[in-house]
1. Scanning for something free of Cβ contacts under 8 Å to residues at least 60 places away in the same chain, touching a strand residue (DSSP E or B) at 6+ places or on another chain (Cβ under 7 Å), within 29 Å of Leu363 (Cβ to Cβ) and of a type outside the set (Gly, Ala, Ser), does the range 110-130 turn up at least one residue?
2. Based on what the data block shows, is Ile75 over 24 Å from Lys343 (Cα atoms), buried (at least 16 other Cβ atoms within 10 Å of the Cβ) and modelled with pLDDT of 95 or more?
3. Residues of the range 243-261 being among the basic types (Lys, Arg) and either in contact with a Ser or Thr (Cβ under 9 Å, 6 or more places away or on another chain) or exposed (fewer than 12 other Cβ atoms within 10 Å of the Cβ) (or both), which ones?
4. Which one of these is farther than 22 Å from Val54 by Cα, at pLDDT 90 or above and open to solvent by 30 Å² or more (accessible area, probe 1.4 Å): Tyr308, Tyr232?
5. Answer with yes or no whether Glu131 is within 22 Å of the chain's Cα centre (by Cα) and among the charged types (D, E, K, R).
6. With Ile174, Ile149, Ile144 as the choices, which residue is over 18 Å from Ser53 (Cβ atoms), crowded, with 21+ Cβ neighbours inside 10 Å and in contact (Cβ under 8 Å) with a residue 40 or more places away in the chain?
7. Under 7 Å by Cβ, and 6 or more places apart or on different chains, what pairs join a residue from the range 358-377 that is touching a residue at least 40 places away in the same chain (Cβ under 8 Å) with one that is surrounded by 15 or more Cβ atoms within 10 Å (Cβ to Cβ) and among the small types (Gly, Ala, Ser)?
8. From Lys94, Lys70, Lys112, Lys51, grab the single residue that is open to solvent by 50 Å² or more (accessible area, probe 1.4 Å) and closer than 19 Å to Ala329 by Cα.
Amino acid sequence: MANGDRVQLKKEFRYDVPKFKENKESISNIRENIYAKLRQSISVLEPENDKISVLLSGGLDSSILFKMCKDIYGITDSFSTGFPFEDPGSNLEKEYALSAAKAFGSNHKYYKASLRSYLESFLTSIAAVEEPLHHLQTVMMSLILEHGIPKDKSIVVSGEGADSAFGNQFHSFIFRSEKYRFLSNHTFINLLRIISKITGKGGGFLAGLEYNRKKNIKIGNPENFIWSLGAYGCEDWVCSYFDVTRHDIIKNRHELLKSFEGRSGYDLISLMAILGEGAVTQSIWSKIGESHKRIVYYPFTDNKLLEYVNTAPWKTKLSEPKKILRDVARLLNIPEFIITRPKSGFGLISPLWSQKGGTFEPLIPLATKVFDENIIRKLQSGEQGVPNSEKIQMTYWNILNFAIWKRICIDNEPLDNLLSELEV
C-alpha cells in the first residue's frame, strides 16, 4: 500500500487448512464426488477454453487432466519436455509422455532444449521470480512455457499438487511398512541401510521403517521423520558452514506445523507438502508463467477439491498407490497401463550434472563472486572424499542458486552482465 513516499507491506493469508475429518461415505461415492469436483475445477476455464494447453508427462495425474480437458474442451495437443543433459537411454519421462500421448491420440510436442538454453534460463528464471529456484525441474518449466507451447495457449494446466492430498510416495512407504513395524529397531535399520546402499533397492521400505521408529518423536525435535521430507541439502554441511543447529534449520517449518501437532503422520506429511514444498513450487512456477505471459493452473489444489479429498480416510486413499485417482482414471477410460505403471518422477537419474566438469561447470565462475571456489569444488560429486549423495548434490545446486540470486536481486547486477559471463 502506498503511504506518501513510503510503501507499506501487508501480508494476507487466505488459505483454509484442510480439516481432515473422516468421511463415512462408500469408496464409490467418494470416487464419484472427486471426479465431479475435479471436473468442476477444470470447468472454471470455460470462458477461455480456446487458450488452454495441458502438460502431459504420462503419469497418472497429468493423464487424468489431459483426458478430462479432452473430454470437456476437445483438447488435442499435449506438451512435455526433459533435461538436455539427461542420458537418452534413461529418459523415462519422455517415454512415459509419448506412450500416453499415443494412447490418447494426442498431437504431442516434446520440447528439446539445449544445454546453453538451460543455463541461460537458469539465470533469467531467478531474475524473473526474484528468489532461488526450488528444483532443477523449474528451469525446464520455464523453457517449455517460453518456447515449447504456442503463444496463443496462455493457460497451462499442470498436475502439480496431486500428491499432497491423494498420497505421495512417503505416504505409501509408511502405509506398506506398518505391518512390519516390529522390524523398526536401530540395528535392523542400519543393516538394511547398508544393503540398500549396495543394491540401490529398498529405499522406500527403509523410509517407512525409519518413520515407524521415529513417529513418536515430537515435531519440535529435528529427529522427527517429518523433517527428512523435502530436505534439499546436507544438514551436516549447513550446520558446520553457518554455525547453526538442526533446530535452527527446522525453525520456520516448525512454526508452520506446530499448531497441528497431534495429527496423524499421514496428515502431517500432507500438510508439509501442501503448505511447504508444494506451495513454494506453485508460487515459483506461477511467477515464471507470468514472466512468459502465461497462467499456470493447478486443478488438483482447488480449495473445494482439497477440502473434500481430505475427508477420505487414509486407509482408503492408500489401499493402493493413489487409489482414488486410479478409480477416477478408470471412470475416464484411461488405459490400464497408464494407471498402474510405476510413478516416474520429473527428476534426474544421472548424477553427472553435479560432477566436476559437468553440466553446471559454466556457472561456477559466476558463483565464485559470492562463494569461495574451494567450497563449491568440495561439494561437486566425484571430488575426492565427497560422497555422491543427493544431499550433497542439492547443496551444490543451492549454492549456485544463492550466488546467482544474490548478484541479481541483492547486489542489483544487471542480468545481461551475468549472461555475458556465461561461457558454454
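The values are calculated or read from the model by the stated rules, or taken from the named source; none is laboratory data. Remember, it's a predicted structure, so these values are computed and weren't measured experimentally. Here the Cβ is made from the backbone with ideal geometry for all residues, glycine too, and neighbour counts use every protein chain on show. Heavy atoms of the whole protein, side chains included, go into the accessibility calculation; ligands, DNA and RNA do not. Shrake-Rupley method; radii C 1.70, N 1.55, O 1.52, S 1.80 Å.
1. Looking for residues that are free of Cβ contacts under 8 Å to residues at least 60 places away in the same chain, touching a strand residue (DSSP E or B) at 6+ places or on another chain (Cβ under 7 Å), within 29 Å of Leu363 (Cβ to Cβ) and of a type outside the set (Gly, Ala, Ser), one finds at least one in the range 110-130, hence yes.
2. Yes: the conditions hold for Ile75.
3. Lys258, the sole residue that qualifies.
4. The unique qualifying residue is Tyr308.
5. Against the criterion (within 22 Å of the chain's Cα centre (by Cα) and among the charged types (D, E, K, R)), Glu131 qualifies.
6. Testing whether each residue is over 18 Å from Ser53 (Cβ atoms), crowded, with 21+ Cβ neighbours inside 10 Å and in contact (Cβ under 8 Å) with a residue 40 or more places away in the chain leaves just Ile174.
7. That search, which allows pairs on different chains as well, returns Leu366/Ala403.
8. Values: Lys94 fails: closer than 19 Å to Ala329 by Cα; Lys112 fails: closer than 19 Å to Ala329 by Cα; Lys51 fails: closer than 19 Å to Ala329 by Cα.
After applying the criteria, what remains is Lys70.
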